[in-house]
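First comes the structure, then the notes that go with it.
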Amino acid sequence: MFNKIIHIDMDAFYASIEQRDNPQFRGKPLIVGGNPRGRGVVCTASYEARSYGINSAMPSATAKRLCPNAIFIAPNLDKYRQVSQELHKIFHEVTDIIEPISLDEAYLDVTNNKFNEPSATLLAKYIKSRIKAQLHLTASAGISSVKFVAKLASDENKPNGLTVIPPNDILTYIADLPVRKLWGVGEKTEQKLNQLGIFKVKDIRNKKRSFMLLHFGKQGNFLYDMAYGKDQRSVGEPTLHRSIGQESTFSKDLLNLEEKLLKVEHFTTYLCQQLQEKNYQIKTINVKVRFNDFTYKSKERTLPHYTSALNDLLPIAKELLLSIPDIENIPIRLLGVSAKNFWGERKGNPQQLPLL
Ligand code: TTP
Ligand code: MG
């Protein structure tokens, strides 16, 4: 018996919300992000702007050069967080086994669902139509029996896509993909794989598991499994987290304080969303940075009470960042916000609801 996993990813999330709420932006190249006259970066671009080669994390000034007519607006995270909460209510109509990845992205395990509906395709269509009807936004869905393939599938026909990769098609579907597409493979791992003559997923199949283990440790094991379409990770399972959080190494160093604080805000927002979804509360929050000279600094604080509220955690996360000596002046290449000291457990058993 195969699992049925749906991965949902909203299309041009921040930009689509702004186009929805501001009719004058519709059909136009819209960029949500930092000021193009400053050192800000693009959070996301509408699909109209992407046709000029603009994408997330690009400096806003470059985006302006590529498309001088583009409209630039600053992000409104409160609004996006509210939309994300509405989105999660729609997910919960179908299942309570949900694993949020970010504000606009989540895995849903629909193997058993509240509609007792055996077709994951029908459920994905239902979710997409509810998102359209209620939020006036579009999402792309990917369906497969394993998580990493469901995620690849949701990216396959963006925007407004729905792609199903049945269990028997997985091996063929992934064979010719570049290794970079595999879950957890960033620039560094990609380079290392390439140096070992591994460019496509199917190239991993020419290596032994022991070879992958030798060169990549635990990750090698996982890469080997994924090359054969295997991914044991279940959706939103309550793992015994030692810590939970978000971190990123940036393609361009973060230079100004505004950008650094905005990243802290993004990551803390994601963190709180993850905590609330999993019904966890935490007591200790940590902010870490790696400067461009590779020195590493980390600050943490333990609160007197457990919480998962952004109102509690965001001011502390910002304070922690600001307490790092010289944070204003030194460019940073990595930033992370994480939490530990957990309390709580996953929500109870799903309820049966009638099909609407
Ligand atoms: P994504 O899902 O990566 O991008 P997207 O929803 O804008 O576009 P699509 O999925 O159709 O390709 O990210 C979701 C939101 O997260 C995005 O709207 C803005 C924010 N974001 C950033 O702020 N910085 C980033 O570098 C990225 C990748 C996303
Ligand atoms: Mg998205």
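Give the shape of the range 215-322 as rounded, prolate or oblate, defined through the alpha-carbon gyration tensor: a ≥ b ≥ c are the square roots of its eigenvalues, a/c under 1.5 means rounded, and otherwise the shape is prolate if a/b is larger than b/c and oblate if not. Could you put the intermediate results ahead of the total?
Details: a/c = 2.26, a/b = 1.27, b/c = 1.77.
Oblate is the answer for the range 215-322, as a/c is 1.5 or above yet b/c matches or exceeds a/b.
What length, rounded to one decimal in nm, is gained on full extension from Ser251 through to Arg37, with 0.36 nm per residue of separation minus their alpha-carbon distance?
Values: separation 214, 0.36 × 214 = 77.04 nm, distance 1.99 nm.
This chain segment gains 75.0 nm when fully extended.
Hey, how many Å between the Cα centroid of the range 207-280 and the Cα centroid of the range 56-95?
21
Give the Kirkwood hydrodynamic radius (Å, one decimal) of the chain, defined as one over the mean of 1/r across all pairs of different Cα atoms. List each step's numbers first, then the result.
Working: mean 1/r = 0.0460 Å⁻¹.
About 21.7 Å, per the Kirkwood formula over Cα pairs.
Would you list the membrane-span-like helices of the chain, meaning whole DSSP H runs whose alpha-carbon atoms span at least 30 Å along their axis and whose mean Kyte-Doolittle value is at least -1.0?
Values: long enough: 257-278 (31 Å, -0.62).
Membrane-span-like by this criterion, though nothing is claimed about a membrane: 257-278.
What's the tally of Lys pairs in the range 191-291 whose alpha-carbon atoms lie under 20 angstrom apart, where the two lysines are 8 or more places apart or on different chains?
Pairs that pass both the separation and distance tests number 20.
Let me know the charge dipole size of the range 1-150 about its Cα centre in debye, to the nearest 20, where only the beta-carbon of Lys, Arg (+1) and Asp, Glu (-1) is charged.
Values: 18 positive and 14 negative charges, 112 e Å.
The calculation lands at about 540 debye.
Which value in nm describes the separation of the simple spin-label points at Thr138 and Glu187, placed 7 Å from the Cα toward the beta carbon?
So the two model labels end up 3.1 nm from each other.
What is the distance, in nm, between label points placed 7 Å from the Cα along the Cα-to-Cβ direction at Arg205 and at Ile244?
For Arg205 paired with Ile244, the spin-label model returns 3.7 nm.
Using packing as a proxy for protection, rank 155-166, 118-129 so that the peptide with the highest average count of other Cβ atoms within 10 Å comes first. All intermediate terms of the calculation are to be shown ahead of the outcome.
On the way: 155-166: 16.2, 118-129: 17.8.
With the highest mean Cβ count within 10 Å placed first, the list reads 118-129, 155-166.
Go ahead and collect, in residue order, the members of the range 306-322 whose backbone nitrogen is under 20 Å from a label point 7 Å along the Cα-Cβ direction of Leu261.
Inside the label zone: 310-322.
Contact order normalised by length for the chain, with contacts defined as Cα pairs under 8 Å and 6 or more residues apart; what percent is it?
Numbers: 679 pairs, mean separation 56.1, N = 356.
This gives 16 percent for the chain.
So for the chain: antiparallel DSSP bridges make up what percent, rounded to the nearest 5?
Working: 46 of 52 bridges.
Approximately 90 percent, going by the DSSP bridge assignments.
Could you check the spin-label model distance between Asn311 and Asn194? Points 7 Å from the Cα along Cα→Cβ, value in nm.
With each label point 7 Å from Cα toward Cβ, the separation is 4.9 nm.
Give me Met58, Met226 ranked fewest to most by other Cβ atoms within 10 Å of their Cβ, as a rough exposure proxy. Please report the intermediate quantities before stating the final value.
Details: Met58 18, Met226 24.
By the 10 Å Cβ count, ascending: Met58, Met226.
Note down the Stokes-Einstein diffusion coefficient of the range 173-231 in µm²/s, whole number, using a Kirkwood radius over alpha carbon pairs, 25 °C, and 0.890 mPa s.
Numbers: Rh = 10.9 Å.
Using the Kirkwood radius from Cα pairs, D works out to 225 µm²/s.
A short reminder: the numbers here are calculations on the coordinates, not readings from a lab. Predicted model, so just to flag it, every value in this text is computed and none were measured. Please note: Cβ atoms are built from the backbone with ideal geometry, for glycine as well, and neighbour counts cover all protein chains shown.
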